[in-house]
């Protein structure tokens with residue numbers, strides 16, 4: 001049974017994997033958002049691996065962590081890996097019928113991780129595909145974490161959780177990012193969210209309450225109390241039908 005957490009339920013989850021050389025040194029990253037607005041990030045590294053293995057490792061660590069936490073019923077695990085989504089959703093049933101062999105009769109690659117994922121999967125947490133490098137703030141963040149670990153650097157994790165997987169990296173043993181690196185991850189994430197907000201406003205897209213909480217980084221419970229339009233940075237956040245919200249540029253510049 002999931003433990004009680006003072007941060008509330010998990011409302012968003014994202015994972016990503018990265019590899020230099022493929023095969024080569026790799027890393028993975030994971031991010032969890034809670035109802036109170038707090039964020040938990042974790043990741044790890046492997047000196048000799050592939051991008052696909054890092055994608056699977058990230059998802060495995062995430063599912064094992066989510067199993068310990070209370071989860072919002074609308075929670076999905078967001079990933080840009082179609083390999084992960086297709087494997088769990090379509091291919092695995094056939095692999096198992098064939099004794100973990102492909103249609104060509106060859107052993108399934110990364111079988112150890114697929115079998116672990118099969119044991120760890122949560123029926124109430126479906127996978128959702130998000131296009132990589134498309135401006136999704138959580139996808140961008142877990143990519144930053146994965147790439148940093150693949151390069152042997154600690155990405156500065158927010159409320160990092162110690163991963164139970166043997167390949168999890170100890171951030172204290174890794175060199176910290178220096179002043180020669182790009183802007184801090186927190187600033188990069190903010191800029192990414194602002195760019196995304198502009199795209200959402202320009203396209204007139206409707207957001208669910210969970211998606212809105214993820215964008216503005218405010219507790220879901222607080223947003224659920226709002227009934228009227230309100231301001232967030234340079235945008236008006238307006239209610240629309242179906243318990244959704246829409247962003248509109250605040251031309252008056254009100255806050």
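The values are calculated or read from the model by the stated rules, or taken from the named source; none is laboratory data. For clarity, every value in this text was computed on a predicted model and none was experimentally measured. Cβ placement follows ideal geometry from the backbone for every residue including glycine, while neighbour counts extend to all protein chains displayed.
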Problem set entry | Residue within segment 237-247 that is touching a helix residue (DSSP H, G or I) at 6+ places or on another chain (Cβ under 6 Å), modelled with pLDDT of 80 or more and within 30 Å of residue 28 (Cβ to Cβ) present | no
For this session: Select from segment 190-208 the residues that are farther than 16 Å from residue 138 by Cα, assigned to a helix (DSSP H, G or I) and touching a strand residue (DSSP E or B) at 6+ places or on another chain (Cβ under 7 Å) and list them in ascending order.
Result: 201
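Suppose the filter is surrounded by fewer than 18 Cβ atoms within 10 Å (Cβ to Cβ) and either free of Cβ contacts under 8 Å to residues at least 12 places away in the same chain or within 23 Å of residue 131 (Cα to Cα) (or both); does residue 99 pass it?
Values: surrounded by fewer than 18 Cβ atoms within 10 Å (Cβ to Cβ): yes; either free of Cβ contacts under 8 Å to residues at least 12 places away in the same chain or within 23 Å of residue 131 (Cα to Cα) (or both): yes.
Here the answer is yes, as residue 99 does meet what is asked.
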Exercise. Scanning segment 226-237 for residues that are assigned to a strand (DSSP E or B) and over 14 Å from residue 202 (Cα atoms), which turns out nearest to the chain's Cα centre (by Cα)?
Worked result: 232
Exercise. Quick one: in segment 211-225, which of the residues that are outside any helix (DSSP H, G or I) and within 24 Å of the chain's Cα centre (by Cα) is surrounded by the most Cβ atoms within 10 Å (Cβ to Cβ)?
Worked result: 219
For this session: Output yes when any residue across segment 40-53 is touching a residue at least 24 places away in the same chain (Cβ under 8 Å), in a loop (DSSP other than H, G, I, E, B) and either outside the structural domain of residue 213 (by TED's automatic domain parsing) or more than 23 Å from residue 154 (Cβ to Cβ) (or both), and no when none is.
Result: yes
Exercise. Can you find even one residue in segment 86-95 that is in contact (Cβ under 8 Å) with a residue 12 or more places away in the chain, outside the structural domain of residue 220 (by TED's automatic domain parsing) and in a strand (DSSP E or B)?
Worked result: no
For this session: Would you please name the residue that is surrounded by the most Cβ atoms within 10 Å (Cβ to Cβ), looking only at residues in segment 63-81 that are assigned to a helix (DSSP H, G or I) and in contact with a helix residue (DSSP H, G or I) (Cβ under 7 Å, 6 or more places away or on another chain)?
Result: 63
Exercise. Among the residues of segment 145-155, is any assigned by TED's automatic domain parsing to the domain that holds residue 14 and modelled with pLDDT under 80?
Worked result: yes
